[in-house]
Amino acid sequence: MYKLFLLLFLLTQLHASQHQLAILSNITSNSTQEFSISGYRFRCLPYGVIALEELSYNTNLDSICQKDIQKFYLKNPILEQFAQKKLKYMQMYKIEFKESRCILYAQGQKSYSELLLENGLAVLKPIFLDDEFRYSFFKAQENAKLLKKGIWKNEIMHKCIESLYK
């Protein structure tokens, strides 16, 4: 009972304040990282975006799109390790919780979501309406498209991504 109470207390504290400092304890993928605050471990998914790993498991996408994502990572193994290159284990990061996801500030005020978008490793969530982040996220995604970074290199992939917005 005590452990349950402690867990509930920690969760409410995590969501009660704007920013928390958390220690990166594990990188599962570009989409999912694990952090700890005061010994409590939790997973973070990037806020406002859908990372490629999430897309590959999206049942709304047809199997051709899912296979294209797998092929993309086979051809670009360095991009599959993007999180390991950008984030450092056991380092403290500023995190903000929104809509059961994390805004992870990975480079000063630049969020990890924005870094994923800049490198063509994620797309904006359909109907993303957060005024605080919408412009910078949209700009990052448009720059990746313009420079044909990541998933925007491949025209077939481009059509798969657009299907999310229909």
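Nothing in this text is a laboratory measurement; each read-out follows from the coordinates by a stated rule. Please read these numbers as outputs of a predicted model, since none were measured by experiment. Cβ sites come from the backbone with ideal geometry, for glycine too, and all protein chains shown count toward neighbours.
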Handout entry: FRET efficiency estimate (nearest 0.05) - Cβ-Cβ, Q18 to M90, R0 25 angstrom
Key = 0.60
Completion exercise
Of the listed pairs K71/K110; K98/K125; K67/K98; K75/K110; K125/K148; K98/K149, those with alpha carbons more than 25 Å apart are K71/K110; K67/K98; K75/K110; K98/K149
